[in-house]
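Down below is the structure, laid out as structure tokens.
The values are calculated or read from the model by the stated rules, or taken from the named source; none is laboratory data. Treat the numbers as computed from the prediction; the structure is a model and nothing was measured. Positions of Cβ are backbone-derived with ideal geometry, glycine not excepted, and every protein chain shown enters the neighbour counts. Ligands, DNA and RNA are stripped out before the accessible areas are found, and what is left, the full protein with its side chains, is counted by its heavy atoms. Shrake-Rupley method; radii C 1.70, N 1.55, O 1.52, S 1.80 Å.
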Amino acid sequence: MVSSAGEELGGWSHWHSPDRPLRLGVSTCLLGENVRFDSGHARDGFVVDTLGQWFEYVPVCPEVEIGMGTPRPSIRLVDEGQGMRLVAPSTGEDFTERMTGFAEEKVTELMELDLDGYILKKSSPSCGLERIRVYTSGMPARRNASGVFAAKLMERWPALPVEEEGRLNDHGLRENFIERVFGRNRWRGLVAGGLTRRRLIEFHTAHKLLLRAHNETAYRRLGKLVGSVGTIEDGELFRAYEIEFQAALSTKPTNKKHVNVLQHAMGYLKTLLDPVEKREILAAVEEYRQGLLPLVVPLTLLRYNIRRHGVEYLAGQLYFDPHPRELMLRNHA
Ligand code: SF4
């Protein structure tokens, strides 16, 4: 994993331990391995060259791992009224049972590895996340399924951040996925270090602004959970917090929610800044609101002033650096 520059505040690197690498499951063909049905690959530059510098990958090719070999006949999802099947139209061979049995066992194995997320190959009847074609005789194909392996992964492990490489081309979905992955890795660190109510409060406090940018309602529910001293047993509290925390982060932040958080942060600085400094930050927030500037601009101004004035509460907020700046996830207007 490469090291990150400029992490002055209580950002992601303060919560990260090299002993707990960020680990993602990935469809093997995305890494450039020749495992596709035609002996080709589907190498994804962002997955390999950019994310590969930060993440450790656990590659899985379900079709090769059930013994289909390369090259192999292409397969598809078929529904003739007796449930969905995974078949090779050229030979009629049915791979449904083999694939579901494999998926069941593989997901158990992956859960033991405690992944932080998973990147799936789009449009695959085995790996695709959504909108996979289902064929029925005499009818146009409908696009409303997940691949067989992907469906089992999501059913057994609903809290795991999962995306497909095609959707990662969308800047908002990309940032949201990476934010969830880093969030899950921090949670794993908290659990590994021994979870106590005091440490849970520290964790929640550091995530306050980040959670508000994702989902204000969930942020409030999490606050109530953390404050529920004596009314809920510790194990139950930690389980409930983890589920609600992941659900909160899976709501994509909007421009409006970011503006609310930036204005809230400004409130802590208002007595410390002179009128010119205040105007400069407010103008950057307004230009971000109008889509004229990327989020990184008002964030950089705020970070500078938080550091300069030593505003402890804001300095500890992961919102300002939830993932490495080198990924440039907030640099798009
Ligand atoms: S999409 Fe999945 S099953 Fe198909 S080649 Fe890639 S990893 Fe293998």
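Each residue in region 28-43 was checked for being polar (S, T, N, Q) and either in contact with a Pro (Cβ under 7 Å, 6 or more places away or on another chain) or part of a helix (DSSP H, G or I) (or both), and 2 of them qualify.
Is it true that some residue in region 186-193 is part of a loop (DSSP other than H, G, I, E, B), under 30 Å from Gly101 (Cα atoms) and either charged (D, E, K, R) or not assigned by TED's automatic domain parsing to the domain that holds Leu262 (or both)? Walk me through it before giving the result.
Filtering region 186-193 for residues part of a loop (DSSP other than H, G, I, E, B) gives 193.
Now restrict to residues that are under 30 Å from Gly101 (Cα atoms): none.
No, region 186-193 contains no residue that is part of a loop (DSSP other than H, G, I, E, B), under 30 Å from Gly101 (Cα atoms) and either charged (D, E, K, R) or not assigned by TED's automatic domain parsing to the domain that holds Leu262 (or both).
Being more than 16 Å from the ligand (Cβ to nearest atom), without any contact (Cβ under 8 Å) to a residue 24 or more places away in the chain and in contact with a Leu (Cβ under 8 Å, 6 or more places away or on another chain) is the requirement here; does Leu160 meet it? The answer is no for Leu160.
Quick check: anything in region 199-207 buried (at least 18 other Cβ atoms within 10 Å of the Cβ), free of Cβ contacts under 8 Å to residues at least 40 places away in the same chain and in the same structural domain as Ala247 (by TED's automatic domain parsing)? Yes, because at least one residue in region 199-207 is buried (at least 18 other Cβ atoms within 10 Å of the Cβ), free of Cβ contacts under 8 Å to residues at least 40 places away in the same chain and in the same structural domain as Ala247 (by TED's automatic domain parsing).
Restrict the check to region 88-111 and report whether at least one residue is closer than 30 Å to Asp19 by Cβ, at pLDDT 95 or above and part of a loop (DSSP other than H, G, I, E, B). So far as region 88-111 goes, no, none of its residues is closer than 30 Å to Asp19 by Cβ, at pLDDT 95 or above and part of a loop (DSSP other than H, G, I, E, B). Among the residues of region 8-15, are any assigned to a strand (DSSP E or B) and either surrounded by fewer than 15 Cβ atoms within 10 Å (Cβ to Cβ) or not acidic (Asp, Glu) (or both)? Scanning region 8-15, I find no residue that is assigned to a strand (DSSP E or B) and either surrounded by fewer than 15 Cβ atoms within 10 Å (Cβ to Cβ) or not acidic (Asp, Glu) (or both), so the answer is no.
For Val78, the conditions (1) away from the ligand (no atom under 16 Å from the Cβ); (2) in contact with a helix residue (DSSP H, G or I) (Cβ under 9 Å, 6 or more places away or on another chain); (3) closer than 23 Å to Glu130 by Cα; (4) among the β-branched types (Val, Ile, Thr) are fulfilled apart from (2). Scanning region 138-179 for residues that are within 13 Å of Ala103 (Cα to Cα), open to solvent by 10 Å² or more (accessible area, probe 1.4 Å) and not in a loop (DSSP other than H, G, I, E, B) turns up Val148, Ala151, Lys152, Met154, Glu155, Arg156. On inspection, Tyr304 qualifies as aromatic (Phe, Trp, Tyr) and open to solvent by 30 Å² or more (accessible area, probe 1.4 Å). Taking the criterion of being surrounded by 15 or more Cβ atoms within 10 Å (Cβ to Cβ), more than 10 Å from the ligand (Cβ to nearest atom) and assigned to a loop (DSSP other than H, G, I, E, B), the residues of region 44-71 that qualify are Asp44, Trp54.
Look at region 22-42: where a residue is within 9 Å of the ligand (Cβ to nearest atom) and a partner is of a type in the set (Ser, Thr, Tyr) and not in a loop (DSSP other than H, G, I, E, B), sitting 6+ places away or on another chain with Cβ atoms under 6 Å, you get Val26/Tyr57; Val35/Thr28.
The set of residues in region 307-333 being open to solvent by less than 40 Å² (accessible area, probe 1.4 Å) and in a loop (DSSP other than H, G, I, E, B) consists of Val311, Gly316, Gln317, Asp321, Pro322, His323, Pro324, Leu329, Arg330.
Mind checking whether some residue in region 130-137 is open to solvent by less than 10 Å² (accessible area, probe 1.4 Å) and within 24 Å of Thr251 (Cα to Cα)? Yes: region 130-137 contains one or more residues that are open to solvent by less than 10 Å² (accessible area, probe 1.4 Å) and within 24 Å of Thr251 (Cα to Cα). Scanning region 222-240 for residues being in a helix (DSSP H, G or I) and over 23 Å from Glu175 (Cβ atoms) gives a total of 11.
Count of region 85-120 residues, restricted to those that are within 29 Å of Phe177 (Cα to Cα), surrounded by fewer than 19 Cβ atoms within 10 Å (Cβ to Cβ) and of a type in the set (A, V, I, L, M, F, W, C), is 2. I'd like the full set of residues that are over 16 Å from Glu56 (Cα atoms) and polar (S, T, N, Q), limited to region 149-188. Listed by number, the residues that qualify are Asn169, Asn176. Taken as a whole, the structure places Ala206 among residues that are modelled with pLDDT of 95 or more and of a type outside the set (D, E, K, R).
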